[in-house]
1. Report every pair of residues separated by at least 6 positions or lying on different chains whose Cβ atoms are under 6 Å apart, first residue within segment 240-257 and over 17 Å from LEU229 (Cα atoms) and in contact (Cβ under 8 Å) with a residue 12 or more places away in the chain, second part of a loop (DSSP other than H, G, I, E, B) and polar (S, T, N, Q).
2. Taking GLY135, is it of a type in the set (Gly, Ala, Ser) and modelled with pLDDT of 85 or more?
3. Considering only segment 20-116, give the strands (runs of 3 or more DSSP E) lying wholly within it that have at least 1 residues that are aliphatic (A, V, I, L, M).
4. Given the options GLY110, GLY87, GLY82, GLY66, name the one that is within 30 Å of ASN195 (Cβ to Cβ), modelled with pLDDT under 85 and either out of contact with any helix residue (DSSP H, G or I) (no Cβ under 8 Å at 6 or more places or on another chain) or of a type in the set (Phe, Trp, Tyr) (or both).
Amino acid sequence: MKTHTHSKKRRGFTLVELLVVIAIIAALAGLAIVGVRAGLRAADSASTSANMKDIYSSLSAISSEGVNTGLHAPGTLPPYKGNLQDGQEASFVWWDLVAEKMDLADRDSGGYRWVSAYSDTKLQNPLSKKVLGEGKTTYDSLYNDPDLSHGGFAYNAELGGDVSSDAQDENVFKVRSGAVEDSNDTIYFGEADDNQDTAGWVFKNMANAPQGNYKDSVHCCMVGGNIKLIQNIHLKEKPSYDYYTQHQDKNHSNKPD
């Protein structure tokens with residue numbers, strides 16, 4: 001008599017089961033991507049804050065020099081742009097002065113010459129959509145190329161003036177650090193607004209204040225040197241915008257909660 005060995009027939013996955021597995025894998029992959037992006041964003045945020053600290057240190061040194069960097073007295077904040085009061089009278093925007101302090105640029109006759117691409121320096125914000133000096137093949141000052149100055153950071157125009165070599169000293173808007181009423185709540189410079197078509201070196205009003213682009217909040221360096229993350233909605237509200245940008249006569253009841 002023959003003995004037959006019976007084996008159970010192996011059953012494959014059903015279409016529903018396969019779809020469930022695929023959905024689970026897709027969900028896990030999505031969570032992983034979100035986590036990676038959040039991690040990269042956190043790293044860029046930390047890098048931005050560190051770069052702003054270095055920029056602040058350079059600006060503080062420039063402020064103490066005063067008359068050597070334009071028509072402003074020692075102890076005042078540097079002007080937005082102007083001409084050096086030396087034999088060359090080199091034209092500059094304030095980033096040229098910072099780049100020189102960081103050994104990123106040198107004075108070259110009537111202007112500045114950068115040693116590398118703007119996008120490779122600490123003046124480029126890694127969280128910015130637009131690239132500082134994008135497409136420019138010569139690394140001279142952006143004094144004459146304001147349209148290429150998007151990206152990076154923007155300077156608070158309340159704290160400096162637009163000066164030139166023939167400007168009269170009494171016509172130059174000057175602000176001493178000691179005259180700032182609340183240095184810990186007054187924006188010195190902040191992330192540039194990528195959504196604007198105007199030059200990115202300076203924000204002069206609420207329309208082109210730092211808005212953090214696609215983010216909910218922006219990095220802002222205060223006159224006192226502290227870095228704050230301020231919500232975009234507050235910088236779009238005139239009372240709070242005025243509070244953060246005006247250097248004196250602040251209405252402290254307008255400080256956001």
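The values are calculated or read from the model by the stated rules, or taken from the named source; none is laboratory data. A quick note: this is a predicted structure, and the numbers were derived from the prediction, not measured. When we count neighbours, we look across all protein chains shown, and the Cβ atoms used for this are built from the backbone with ideal geometry, even at glycine.
1. The qualifying pairs are HIS247/THR186.
2. Considered against the rule, which asks whether it is of a type in the set (Gly, Ala, Ser) and modelled with pLDDT of 85 or more, GLY135 comes out as yes.
3. 91-93, 105-108
4. Matching residue, one of GLY110, GLY87, GLY82, GLY66: GLY82.
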